[in-house]
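For reference, the structure is listed below as structure tokens.
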Amino acid sequence: MTAGHLLTSWLDPSLFAATALGTLAGIWIGAIPGLSVTMAVSILVSFTFAWPLEPALALMAGVFTGGVYGGSRSAILLNIPGAPAAIATALDGYPMARRGEAGAAIGLTTLASFLGGMIGVAALALGAPAIAEVAILFAPRDYLLLAVLGLLLVGSLSGESLAKGLFAAGLGVTLGVVGLDPMTAEPRFTYGSVALLGGIPYIAAMIGFFGVAEALAQLRLADAETVRQRIGRIVPPRAALRRHLPLALRASGIGVAIGALPGTGGDIAALMAYDHARRSTRTPTHPFGTGAEEGVVAPEAANNAAVGGAYIPMLTLGIPGDAVTAVLIGALYVHGLKPGPMLMIETPHLFWFTVGNLTLANVALLAFGLAGARAFARIAEVPRAVLVPLILVLSVVGTFAIRNSLADVWWMLGFGITGYALRLYGFQPGPIILGMILGPLMDASWRRAVIAAGDDVLGAAVEATESAISLVLIAAIVLIALRSFSWGKGRKALPPTPHP
Amino acid sequence: MAEPAARPGARLLSLPLFAAALVVVLEGLRLGGLDSPSSPGAFPLLAGLTMAGAAVAIGLGRHAGPADGLKPLPGRVAATMALLVGFVAAMPLIGFHPAAFLFLAAAISLSRRRLSLGAVLIAAASVAAVHLVFRLAFTVLLPEGTLWR
Amino acid sequence: MLTRRTLGALAAAALARPVAAQAWPPRDLTGIIMWGAGGATDVVARALTPHVEAALGAKIVLQNRPGGVGAISVQAVHAAPADGLTLLYGAENPQLHKVLGLAQIDYADFFPVNVIARGVGVIVANRDKPWTGLKALVDEISANPGRVRMGATGPGGLPHVIGAMLNAVTPVRVIAVPFDGEGPGLTALQGGHVDFMPVGVAAAAEHIRAGRVKPLAVVNPEPVPSLPGVPPVTADFPGFARYLPWGPFYGVWVKRETPAPVRARLVEAFRAGAANPAFTELMARNGNVMMNIAGEEADAFLKRWQSVTSWLLQEAGAAKRSPEEFGIPRP
């Protein structure tokens, strides 16, 4: 009987409208750098305070689904990821737009996001309790191993020189740990500044290194022709779908798993899926970094699959799978529910309502995504003389919006101008952001693992060999490292990431 | 100096990079990076050493950066950077709205190399759109300017 | 619902009639929350504010400004004009900033508009552990010093303070593994990565009710209604009594120099908002004890809390600066 609640949001016109509107709003929120889904959902908690629970949840699920997808729009059209989960999408999506294939890239992303989203929902519906139980078995050392696995991506993101990539990654790790150390309350790299105690948000770095640096770099070419977009075909041909389906499925699997882990979310899922695509695709449509379709399919399938994944521990155990589900748990409290392990037992209809609701949000995503693609693709045709100043204003206001901090805006500007200079010397922004995302996770997980073993590295290593999860992760790292070594011999053949 | 398409200072660049790495290493040591594997300085130290090693490799390497035959910093880019810095500096003083409007009008006119009514209209419309989305929908309190208090 | 809120607003307007404050507030207020979206402080702030808005007849725009264990927000509100238009929504943390060497500003520099509620701690263990009570846990720690793992949340956090209390009552040596918050710590506890953890009842109640973690003792002089059957710590260890009642708390502050009529207006609005039955019910359900106090009464509570906790940390060797330096009296 409770499974009948699957259809609640499809049959009730107001819930249907709330979900669809939420998805549409989410796409725009995701596309604007600096407006984050977390922020939107926490505002909705206050906004929907007096509403009944169902429409409030429907609206939030829509914003969540649409927002994760929307980040790819600005990544493809402007090379500015609208959200951290879309960083990987920019790497190949933007070169596609430069070729005049923005419409095709958006079409492909939409289908990949829809597929990933649906697989995420399916995993939630069919395997939630089991997946959640495995997810909580991940020990601090396993998060460390996961982060190391992610860091292997530096090899793919470095462009022409691995040394430059490593330097950038080290810089990113350093920037990521600025502020009060959460474990000892020791200030790091703050040099007495209170403003720095809270650290530097990596979204500010992302907007600086991608948004401002990219906008300035485009201005450098302002006399060049704007690229005419071929927008005849948005829905990819059937052959392309068949070709990318296996990869999209594997990427969705990565997304569900990473999303379900309480310590990681869609941003890491998308990066790891991109890395997987790069390593597993022998003959991409174009070389990676120059507009490979695989390079947009994998991260977009993964980050939307991570949405369903993140709901898994939230609905079954009351443990948030990422930052957005943490806010959703707060929303449940405010609406008088008790999010926790009993939620599914005492209010099972809520679980099935959410499953049905997320399905609806994904269908809405498909409809709005494809319908709006043509108009969106035209943004890439706006003359740079107008587009670049607009991007710069958006970067400033978006950075300010993260925490209402002017200091963050100055950091963002500094990153933008430094980023512009570093680009001239062949540095890529990717490894810096990767370092900022993974650095704090690695730092905390490593120290937690060592502390738990009595401040003994050897002890921690021994513990790792006694755990199946750790052994699997170690095997994956070794395997990938070995394969990238042999692949490294051939890397000269790879063209460097093109410069706009 | 036989590498192709060397940018001016390509090799010199590794010096400030190495200096930056050194700053990180020093902070790592200050935080007890060598005292305990779980100290707050352990990771900064590791990151700093990686950066230092990479900086040396960059200094000895042959990759100078992509050559595209364009000026590294054309006047238009430098001017836009200056306008941008001015915009952010003026924002707390005169408020976001006037600062953003002036920046947009100036930067668009600069890129088009002429002052036009179009630039002014685009600037006004954009500021209005930002106000709508950020101030009204997202209740972000944009700086109002201390000058008008 | 709507009518109830409207009635509440009317009642508050009738009560709050300080002459000078009639035209106040002139514009929207800003509420700065010192912890991130989805955290306990955030939930309390967002659940309370709509009721207060109704009583105040003005909007309060909420912003999260987390970082530096609250120091960033404290600094921001302290830097704003003392006009009562910028509110600080906070938790207990700033009261320890001085002794932890984080900042020089604490709640002594602010006027407590409302100390909303306080939480109670509970010591929970992994459900596969054989311990049936706190005594059994302490016995195991004494038999294997430095081997049992305790989940923590960093210096000054609730697990740290309760751990220090336990250590002061009966010397125990454990491995404290710090996590990013109580939620992640409880997750690790369920995964078996730590053995026990002192946490707030609010965070643990549902996990206890589902039997996923095992409660050993509530850190309170008497049992709490939301956890029936869990004994108070004082049952096994009477020495705890001198620190209790103790717990994290949530409140709203403005700068100390705010004009008295404005303070009075805010106090009235928050008193009415925090008395809203929907809100008090939410707080009770989360295992919090409603306080809804302001002004001098709240100041006295804040002072005592700071004195007890600072000296506890000092005795545990966890304080970076002695409370004596700041003139914090011994409890």
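The values are calculated or read from the model by the stated rules, or taken from the named source; none is laboratory data. Because the structure is a prediction, the values reported are computed rather than measured. Quick reminder, even Gly has a Cβ in these numbers, built from the backbone with ideal geometry, and neighbours come from all protein chains shown.
Of the helices (runs of 4 or more DSSP H) lying entirely inside the stretch A:1-54, those containing at least 3 residues that are buried (at least 24 other Cβ atoms within 10 Å of the Cβ) are A:13-31, A:37-47.
Has the stretch C:271-292 got any residue that is part of a helix (DSSP H, G or I), surrounded by fewer than 20 Cβ atoms within 10 Å (Cβ to Cβ) and away from chain A (no Cβ under 14 Å)? Yes, the stretch C:271-292 contains at least one residue that is part of a helix (DSSP H, G or I), surrounded by fewer than 20 Cβ atoms within 10 Å (Cβ to Cβ) and away from chain A (no Cβ under 14 Å).
Within the stretch C:219-231, the presence of at least one residue that is more than 14 Å from chain A (Cβ to nearest Cβ), crowded, with 21+ Cβ neighbours inside 10 Å and among the polar types (S, T, N, Q) is confirmed.
Of all positions in the stretch B:129-143, none carries a residue that is under 28 Å from B:A78 (Cα atoms) and more than 10 Å from every other protein chain (Cβ to nearest Cβ).
Of the helices (runs of 4 or more DSSP H) entirely within the stretch A:247-361, those holding at least 3 residues that are more than 14 Å from chain C (Cβ to nearest Cβ) occupy A:266-280, A:293-317. Could you tell me whether any residue of the stretch C:279-286 is closer than 30 Å to C:A23 by Cβ, modelled with pLDDT of 90 or more and in the same structural domain as C:D42 (by TED's automatic domain parsing)? Looking for residues that are closer than 30 Å to C:A23 by Cβ, modelled with pLDDT of 90 or more and in the same structural domain as C:D42 (by TED's automatic domain parsing), one finds at least one in the stretch C:279-286, hence yes. Scanning the stretch C:103-149 for residues that are within 14 Å of another protein chain (Cβ to nearest Cβ), more than 24 Å from the chain's Cα centre (by Cα) and of a type in the set (G, A, S) yields one hit, C:G146. With the requirement that a residue be surrounded by 24 or more Cβ atoms within 10 Å (Cβ to Cβ) and not hydroxyl-bearing (S, T, Y), what does the stretch A:152-165 give you? Those that are surrounded by 24 or more Cβ atoms within 10 Å (Cβ to Cβ) and not hydroxyl-bearing (S, T, Y): A:L153, A:L157, A:G159, A:K164, A:G165. When only residues in the stretch C:51-102 that are free of Cβ contacts under 8 Å to residues at least 40 places away in the same chain, more than 9 Å from chain A (Cβ to nearest Cβ) and in a strand (DSSP E or B) count, which is surrounded by the most Cβ atoms within 10 Å (Cβ to Cβ)? Here the answer is C:I60. Of all residues in the stretch A:461-480, those that are assigned to a helix (DSSP H, G or I) and touching a residue at least 40 places away in the same chain (Cβ under 8 Å) total 9.
Out of the residues in the stretch B:97-118 that are facing another protein chain (nearest Cβ under 7 Å) and not hydroxyl-bearing (S, T, Y), state the one that is nearest to A:V397 (Cα to Cα). Checking each candidate, the answer is B:A100. Restricting the stretch A:176-201 to residues that are touching a residue at least 24 places away in the same chain (Cβ under 8 Å) and not aliphatic (A, V, I, L, M), the residue that is nearest to the other protein chains (Cβ to nearest Cβ) is A:G198. Anything in the stretch C:306-331 that is loosely packed, with under 15 Cβ neighbours inside 10 Å and within 18 Å of C:G154 (Cα to Cα)? List them, or say none. Matches in the stretch C:306-331: C:E315, C:G317, C:K320, C:R321. Which members of the stretch B:72-96 meet the condition of being more than 10 Å from chain A (Cβ to nearest Cβ) and surrounded by 15 or more Cβ atoms within 10 Å (Cβ to Cβ)? The answer is B:A90, B:I94, B:G95. Does C:P50 count as in the same structural domain as C:N292 (by TED's automatic domain parsing) and modelled with pLDDT of 80 or more? When the stated conditions are applied, C:P50 passes them.
Of everything in the stretch A:139-154 that is in contact with a Gly (Cβ under 7 Å, 6 or more places away or on another chain) and part of a helix (DSSP H, G or I), the residue that is nearest to C:F179 (Cα to Cα) is A:Y143. Which ones in the stretch B:49-68 are more than 7 Å from chain A (Cβ to nearest Cβ), part of a helix (DSSP H, G or I) and either at pLDDT 90 or above or within 23 Å of the chain's Cα centre (by Cα) (or both)? Hits for the stretch B:49-68 are B:L49, B:A52, B:G53, B:V56.
Here B:S111 fulfils each of the conditions (1) surrounded by fewer than 19 Cβ atoms within 10 Å (Cβ to Cβ); (2) modelled with pLDDT under 95 apart from (1).
Residue-by-condition table, conditions (1) within 14 Å of chain B (Cβ to nearest Cβ); (2) in contact (Cβ under 8 Å) with a residue 40 or more places away in the chain; (3) crowded, with 24+ Cβ neighbours inside 10 Å:
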residue	(1), (2), (3)
A:A86	no, yes, yes
A:A97	no, yes, yes
A:G107	no, yes, no
A:A112	no, yes, yes
A:M118	no, yes, no
A:V121	no, yes, yes
A:A130	no, no, no
A:D142	no, yes, no
A:L171	yes, yes, yes
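Residues in the stretch A:421-449 that are assigned to a helix (DSSP H, G or I), more than 22 Å from the chain's Cα centre (by Cα) and over 24 Å from A:A460 (Cα atoms): A:A421, A:L422, A:R423, A:L424.
A:I329 satisfies every condition listed in (1) buried (at least 24 other Cβ atoms within 10 Å of the Cβ); (2) without any contact (Cβ under 8 Å) to a residue 60 or more places away in the chain except (1). Do the conditions hold for C:A37, that is, is it in a helix (DSSP H, G or I), among the small types (G, A, S) and either in contact with a Cys (Cβ under 8 Å, 6 or more places away or on another chain) or within 10 Å of another protein chain (Cβ to nearest Cβ) (or both)? When the stated conditions are applied, C:A37 does not pass them. Among A:A380, A:A401, A:A364, which is of a type in the set (G, A, S), under 29 Å from A:A302 (Cα atoms) and within 14 Å of chain C (Cβ to nearest Cβ)? Just a single option satisfies the conditions, and that option is A:A401. When you scan the stretch A:295-307, do you find a residue that is touching a residue at least 12 places away in the same chain (Cβ under 8 Å), charged (D, E, K, R) and surrounded by 23 or more Cβ atoms within 10 Å (Cβ to Cβ), even just one? For the stretch A:295-307, residues touching a residue at least 12 places away in the same chain (Cβ under 8 Å), charged (D, E, K, R) and surrounded by 23 or more Cβ atoms within 10 Å (Cβ to Cβ): present.
Among the residues of the stretch A:146-185, those that are more than 25 Å from A:G198 (Cα to Cα) and polar (S, T, N, Q) comprise A:S156, A:S158, A:S161.
Output the residues belonging to the stretch C:309-324 that are more than 20 Å from C:W253 (Cβ to Cβ) and touching a residue at least 40 places away in the same chain (Cβ under 8 Å). Hits for the stretch C:309-324 are C:L312, C:L313, C:Q314, C:E315, C:A316, C:A318, C:A319, C:K320, C:R321, C:S322, C:P323. Being surrounded by fewer than 22 Cβ atoms within 10 Å (Cβ to Cβ), over 30 Å from B:L142 (Cα atoms) and at the interface with chain B (Cβ under 9 Å from one of its Cβ atoms) is the requirement here; does A:V462 meet it? It is false that A:V462 is surrounded by fewer than 22 Cβ atoms within 10 Å (Cβ to Cβ), over 30 Å from B:L142 (Cα atoms) and at the interface with chain B (Cβ under 9 Å from one of its Cβ atoms).
Within the stretch A:109-120, identify whether any single residue is aliphatic (A, V, I, L, M), closer than 30 Å to A:I451 by Cα and not in a loop (DSSP other than H, G, I, E, B), and answer yes or no. Taking every residue of the stretch A:109-120 in turn, none turns out to be aliphatic (A, V, I, L, M), closer than 30 Å to A:I451 by Cα and not in a loop (DSSP other than H, G, I, E, B).
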